[in-house]
Amino acid sequence: MLLSKVPQEHQMPRFTLRQLEYFVAVGETGSISRASQKLSVSSPSISSAITQLESHFGIPLFVRQHAQGLALTSGGRRVLEQAHRVLAEAHVLTDIASDVSTTARGALTIGCFVTFAQLVLPRLRREFVADFPEIQVNQCEMDQAALFDALRRSDIDVALTYDMDIPADLQFSGLVRLRPFALFDPQHPLADRETVSLPELADWPMVLMDLPISTEYFLSLFDAHGVRPNIAERTRDMAVMRSMVGNGFGYSIATVRPRSDMSPDGQMIRSVPISGDVRSLRMGLLTAQNADQSRNIRAFIEFGKAQVQKGAFAAIGGEALR
């Protein structure tokens, strides 16, 4: 007796999650070479995965544009949307298996707000991996808006960041409070003050940390006091900001205290608390809604809270939330 042929719509798909991961990376970066750098995978491997997917689906996923890289076709955009869902569900399967085994294991990708990542994340990651050796941790550093997008796309599982403009579809768990302070070079007329007010700062040249959402926070501090800052310089890099302050280009405002009073290029910097009624920021962990159902994410959240109790954030000015 001959077995009837399985209808095509019921056949198991002949592509892998790894191929989908490569496709998503190319779709988001618009380039095989950039996807290769992002995933630390060779370009030929990614190119082969795209070719195999196009052959399987029977449609072109990209339009090759020599000058502008790869652009998704209309079909490719639809496949990309579904690929995100498939990869997210695959992570859920791993979490279910982890829950059954009662052991946290598998992958965890941590995003961190770029301005303080170098002061906080490496040490936290080292100690977390020591406590949970079966979790493979990856990290990335982004501005606030990029962290929101990465969580929604499931590119990261959890983000360590501030409570700045948190969208309703994401969930924030505060860890510590950070109060803003001013940074000066030692020759600045306000550098030796015990405290300084925002109206006193307003007329002096300012070096603004100019990142999405962060900028609005810093400017809101002045707005609340009815004054406008004299923005002389802008930068998106914390190290550059500190060096500009140390070299006399202006003062700046920050919320995370560095572990050194010296700029990256060797200039001294003075930190002065800002007086008056100023809005502090909470540093904490940001996830998608209900993401703490994942054992790995829940483990990192509980680990973060334990670190607060150990005083791990005190050196950067973090005050435990009451």
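Assorted remarks:
- Cα gyration tensor shape of the range 245-317, rounded if a/c is under 1.5, else prolate or oblate by comparing a/b with b/c: prolate
- Distribution of pairwise C-alpha distances over the range 9-88, 5 Å bins, in %: 3, 16, 28, 29, 17, 5, 2, 1, 0
- Computed E for residue 216/residue 171 - FRET, C-beta separation, R0 30 angstrom, nearest 0.05: 0.90
- Among 307-316, 254-263, the order from most to least packed when residues are scored by Cβ within 10 Å on average: 254-263, 307-316
- Counted charge near residue 71, where neighbours are those whose Cβ lies closer than 12 Å (Asp, Glu -1; Lys, Arg +1): +2
- For the range 180-279, a crude dipole built from +1 on the beta carbon of Lys and Arg and -1 on the beta carbon of Asp and Glu, taken about the Cα centre, is about 200 debye to the nearest 20.
- Counting 0.36 nm for each residue step from residue 306 to residue 34 and taking away their Cα separation leaves a gain of 94.2 nm.
- Listed options for Kirkwood radius over Cα pairs in Å are (1) 21.0; (2) 20.0; (3) 22.4. The value calculated from this structure is the one marked (3).
- Placing +1 on each Lys and Arg Cβ and -1 on each Asp and Glu Cβ, with no other charges, gives the chain a dipole about its Cα centre of roughly 680 debye.
- Charged side chains reduced to their Cβ positions (Lys and Arg at +1, Asp and Glu at -1) give the range 15-82 a dipole of some 80 debye around its Cα centre.
- For residue 64 and residue 118, a Förster radius of 45 Å and the Cβ-Cβ distance give a FRET efficiency of 0.75, rounded to the nearest 0.05.
- When both bridge partners sit in the chain, DSSP labels roughly 60% of those beta bridges antiparallel.
- Stokes-Einstein diffusion coefficient of the range 180-279, Kirkwood radius over Cα pairs, 4 °C, 1.567 mPa s, in µm²/s: 98 µm²/s
- Simple rule: put +1 on each Lys or Arg Cβ and -1 on each Asp or Glu Cβ in the chain, find the dipole, and look at 283, 39, 124; the Cα lying farthest toward the positive end is 39.
Each value in this text was obtained by applying a stated rule to the coordinates, not by laboratory testing. Here the structure is a predicted model, which means the values were calculated and not measured. Reconstructed Cβ throughout: ideal geometry from the backbone, glycine too, with neighbour counts over all protein chains shown.
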